[in-house]
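What follows is one structure encoded as C-alpha cells, with my remarks underneath.
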C-alpha cells in the first residue's frame with residue numbers, strides 16, 4: 001500500500017456518466033484530492049461514509065478539496081447511488097480493479113470466516129503536487145468528514 005510522501009499513481013477511469021477522469025486532470029485544477037476507495041454502492045458502511053462526505057462537502061470545497069469515490073460498481077450503479085443519497089461528488093468505475101491495484105487497495109478480506117479478494121476501504125489525500133499527504137486505512141464511516149478535518153486542523 002502507498003503511504004504519505006509517495007507520488008500518487010496517475011489513472012484514467014470513467015465516472016458515473018461514462019466520462020473519463022484522470023488524476024492529473026483533477027490536480028490541474030489546483031485542488032487537493034480526497035480519493036476514497038469503498039467496497040460497494042448502497043451498502044450500510046459505504047452509504048454512511050458517502051453521506052458523511054456529502055454532509056461536509058461544501059466545507060471540503062472551501063478548504064480546497066475535490067472528492068472522488070472509487071469502487072468496482074458499474075456507472076449505472078453509481079448513478080443510482082448518487083441519486084438516492086444526493087451525492088454531490090464524482091464516483092469512478094474501477095471494474096477491472098486497475099486503480100485499486102495501483103493504490104494497493106485491492107486485497108484479501110475476511111468476512112464470517114470466508115476469505116476473498118475485494119476493495120479495501122481506504123482514503124488517500126493527494127496534494128496539488130501529486131504527492132500523497134495522508135492515508136486513512138481505518139476509516140470511520142459515520143464521521144469520515146470529521147476524520148479528514150481533524151487531520152488537516154493544523155495545516
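Which of the residues that make up segment 118-154 are closer than 16 Å to residue 68 by Cβ and in a loop (DSSP other than H, G, I, E, B)?
121, 127, 128, 130, 139
Read through the list (1) surrounded by fewer than 14 Cβ atoms within 10 Å (Cβ to Cβ); (2) over 21 Å from residue 100 (Cβ atoms); (3) touching a residue at least 60 places away in the same chain (Cβ under 8 Å), then give the number of the only condition that residue 1 fails.
If we test residue 1 against (1) surrounded by fewer than 14 Cβ atoms within 10 Å (Cβ to Cβ); (2) over 21 Å from residue 100 (Cβ atoms); (3) touching a residue at least 60 places away in the same chain (Cβ under 8 Å), just (2) comes out false.
Could you pull out every one of the strands (runs of 3 or more DSSP E) wholly within segment 11-103 that has 2 or more residues that are without any contact (Cβ under 8 Å) to a residue 60 or more places away in the chain and surrounded by 13 or more Cβ atoms within 10 Å (Cβ to Cβ)? Explain how you work it out, then say what you get.
Details: elements: 12-15, 20-22, 32-37, 65-71, 90-93.
Here the list reads 65-71.
None of the figures in this text is laboratory data; all of them are computed from the coordinates on show. As the structure is a prediction and not an experimental result, all values here were calculated from the model. Glycine also receives a Cβ, built like all others from the backbone with ideal geometry; neighbour counts cover every protein chain displayed.
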